[in-house]
Amino acid sequence: MSSIRPEIRRVTTHTLHEMKMKGEKISMLTAYDYSMATILDGSGIDVLLVGDSASNVMAGHETTLPITLDQMIYHGASVVRGIKRSLVVVDMPFGSYQGNSSEALRSAIRIMKETGAHAVKMEGGSEIKESISRILSAGVPVMGHLGLTPQSIYKFGTYTVRAKEDAEAQKLLEDAQILQDCGCFSIVLEKIPSALAKKVCENLSIPVIGIGAGPDVDGQVLVTHDLLGITNQFKPRFLRKYADLHTIITDAVCHYVEDVKQNSFPTQKEAY
Ligand code: KIV
């Protein structure tokens, strides 16, 4: 089963804009490697995000802070080699763009040159406006990210829902407008009240993709390893698990171990 629409040969930032105009929802998932990217792309995913969640999911770190630009480039290039149709967005990792706009531009250019990806994603609003503008002026499409921005976890203190209070909600609305005015092609909203996400989505003409931001946005993103049930400890309310690969893989590997121990693998048919 695949949900590929044959009329869309390549998803571009322009395609996403058209989807918003037509009211067609945008599907987005994370990918960090070639094999998974091939499967997701072949299943009709519109956008593949090489998220800095690779820091947690692939490297086992507690936060997204430790992942480096070189490591993001390795993941990005692996994903790009696996796709034919999806738009590939690479997260700019913590420390690669917050210093100043020249450093931000250098980091974005390295990502685009060395991965072959189509866009970058950056966390933050007015504070990083100058860097976003500089990257955009070099012709690199930028996706914004507001709400719960995991690179600022030590400022927030917890991973709870953001912008429940009026002041933070107002800043988020203003930041969303700033990101659109700067020229961002899309924005991710993470873990904020649905009513606020709806308002942002109505205010903006660029697509708004939510994770834990309710149904009234232009698209949804999840971490693939969570959706497939490979990670089995992470159970936020917003996560819908579509498979239990943790159990499936564990059962398969237990079966293999048993076969090896009992010398029932390989058989003569599986040997040369
Ligand atoms: O890194 C990531 O996976 C993300 C998504 C949660 C949006 O930024």
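The values are calculated or read from the model by the stated rules, or taken from the named source; none is laboratory data. Computed from a predicted structure; not experimentally measured. Virtual Cβ from ideal backbone geometry, glycine too; neighbours counted across all protein chains shown. For the accessible areas, the whole protein counts, side chains as well, though only heavy atoms, and no ligand, DNA or RNA atoms are used. Shrake-Rupley method; radii C 1.70, N 1.55, O 1.52, S 1.80 Å.
The table for this structure:
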item: Residue pairs, from the table K199/K241; K164/K235; K164/K241; K25/K235; K20/K121; K113/K171, whose Cα atoms sit over 30 Å apart; result: K113/K171
item: Accessible solvent surface per residue of region 41-169, calculated while the other protein chains remain in place, 1.4 angstrom probe, Å²; result: 41
item: On Cα atoms only, tilt of 101-115 relative to the major axis of the chain in degrees; result: 30
item: Phi-based couplings in Hz for region 65-80 (Karplus 6.51, -1.76, 1.60; Gly and Pro marked x); result: 5, x, 5, 9, 4, 4, 5, 4, 5, 4, 5, x, 5, 5, 5, 4
item: For the chain, built as a Gaussian network whose Cα springs stay under 10 Å, the top-fluctuating residue of V223, V188, V90; result: V223
item: Inter-site label distance for Y272 and I153 at 7 Å from Cα along Cβ, in nm; result: 4.6
item: Local electrostatic count at T12 - Lys and Arg +1, Asp and Glu -1, tallied over other residues with Cβ under 11 Å; result: +1
item: ³J(HN,Hα) computed for each position of region 158-172 - Karplus, 6.51 cos²θ - 1.76 cosθ + 1.60, integer Hz, glycine/proline x; result: 9, 9, 6, 4, 9, 6, 7, 8, 4, 5, 5, 5, 5, 5, 5
item: Inter-label distance, nm, simple model (7 Å from Cα along the C-beta direction), R85/I39; result: 1.7
item: Helix-only mean residue ellipticity at 222 nm for the chain, each DSSP H run of n ≥ 4 adding -39500 (n - 2.57), per residue, nearest 500; result: -12000 deg cm²/dmol
item: Cα Rg, Dmax (largest Cα-Cα span) when computed across region 1-144, Å; result: 14.9, 46
item: Of all accessible heavy-atom area on region 24-101, the percent that carbon and sulfur account for (1.4 Å); result: 57
item: Rounded to 5, the percent of DSSP beta bridges in the chain classed as antiparallel; result: 0
item: Distance between modelled label sites at A195 and Y256, nm, 7 Å Cα→Cβ extension; result: 5.1
item: Computed P(r) (all Cα pairs; the chain; 5 Å bins; percent); result: 1, 6, 12, 16, 19, 17, 12, 6, 3, 2, 2, 2, 1, 0, 0
item: Kirkwood-Stokes translational diffusion coefficient of region 94-149, alpha-carbon pairs, 25 °C, 0.890 mPa s, µm²/s; result: 219
item: Selected from A197, A108, A163 as most flexible by GNM, with the chain as the system and alpha-carbon contacts under 10 Å; result: A163
item: Among I249, P236, Y97 the positive-end extreme of the charge dipole of the chain (Cβ point charges); result: I249
item: Relative contact order (%) - criterion: Cα under 8 Å, at least six apart; region: the chain; result: 15
